[in-house]
Amino acid sequence: MKNGEVLDDIKRETYISSNGFIEEFYISTEVCTSSLLVPGTSLLPTGLLGFCYFIFLLYLFLGISVVADIFMEAIEVITSTTKDLQVLDEEGKPYTYQIAIWNPTIANLTLMALGSSAPEILLSVIEQLKSLGEPAGELGPASIVGSGAFNLLVISGVSILSVDAPKKIYDLGVYSCTAFFSIFAYFWMFVVLSINTPGLVTQFEAWLTLGFFFILVSMAFSFDKLQ
């Protein structure tokens, strides 16, 4: 039996085969636009699809972890670079010792943070580039907020529970500065997206948000030098 019908401006022909399966053929349209969703995928059992998608998701996570590790190793090489400095001892004899080029506080707030947040940043950039001229999607902001919340809550809690005895924070100034800005970032996002310009981020707000980062780095560097 063959039935030709039009549904949502798409011409579709339906066949009922001899074994009872329904076969659909779309005419003059491209049904599958993704290289991952090959034709016939939806006909597979749900349990098998769930298992395959789970294995593929683990494979993607493994790839992200490998790339992030390589990126972090490169940053560690950069931040561990030293230079020779010659000074005079008490007897007036010159001797050479090595000093780090990068300040540890600046390295942690810039390069190290960039390396650990690279997957979220790339997701946001890719999503924005794919939807230029269209309303922003939820993947980028959700990944950044979720990662920040995970780092602030889960990693902090697990790190505290993993040690035998409480650890003393010696550099309390830098810690207080970064802790304040960690909470302030969520408050500022709420102000921008819900109070000031609901559902919209203006260029002024974007530049101001970027400026807060340089204020954070400057204040943390100042606390590091004043301790």
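Values quoted throughout were computed directly from the atomic coordinates according to the rules given, and no laboratory measurement underlies them. The structure displayed is predicted, hence computed values, not measured ones. Glycine gets a Cβ as well: all are built from the backbone with ideal geometry, and neighbour counts include every protein chain shown.
For a quick protection proxy, order the peptides 109-116, 46-53 by their average other-Cβ count within 10 Å, most packed first.
Numbers: 109-116: 16.8, 46-53: 10.2.
Most protected by this proxy first, the peptides run 109-116, 46-53.
Would you list Val125, Val217, Val145 from fewest to most Cβ contacts within 10 Å?
Numbers: Val125 11, Val217 17, Val145 14.
Ranked by crowding around the Cβ, least crowded first: Val125, Val145, Val217.
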For the range 103-227, the spread of Cα positions along each principal axis, largest first, Å: 51, 31, 27
Segments 155-167, 182-194 sorted - mean Cβ within 10 Å per residue, highest first: 182-194, 155-167
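For the range 44-102, what is Rg from Cα atoms divided by 2.2 N^0.38 Å, rounded to two decimals? Numbers along the way, then the final one.
Numbers: Rg = 25.2 Å, N = 59, 2.2 N^0.38 = 10.4 Å.
Taking the Cα Rg and dividing by 2.2 N^0.38 Å, one obtains 2.43.
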Separation between Cα centres of the range 150-227 and the range 80-140, rounded to whole Å: 17
Dipole magnitude of the range 69-227 about its Cα centre (Cβ charges: Lys, Arg +1; Asp, Glu -1), debye to nearest 20: 300
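With +1 on each Lys and Arg Cβ and -1 on each Asp and Glu Cβ, how big is the dipole of the range 49-137 about its Cα centre, in debye rounded to the nearest 20?
Working: 3 positive and 10 negative charges, 59 e Å.
Computed charge dipole of the range 49-137: roughly 280 debye.
FRET efficiency for Ser147 and Phe180, Cβ-Cβ distance as r, R0 = 22 Å, nearest 0.05? Walk me through the numbers on the way to the answer.
Values: r = 19 Å, r/R0 = 0.88.
Rounded to the nearest 0.05, the efficiency is 0.70.
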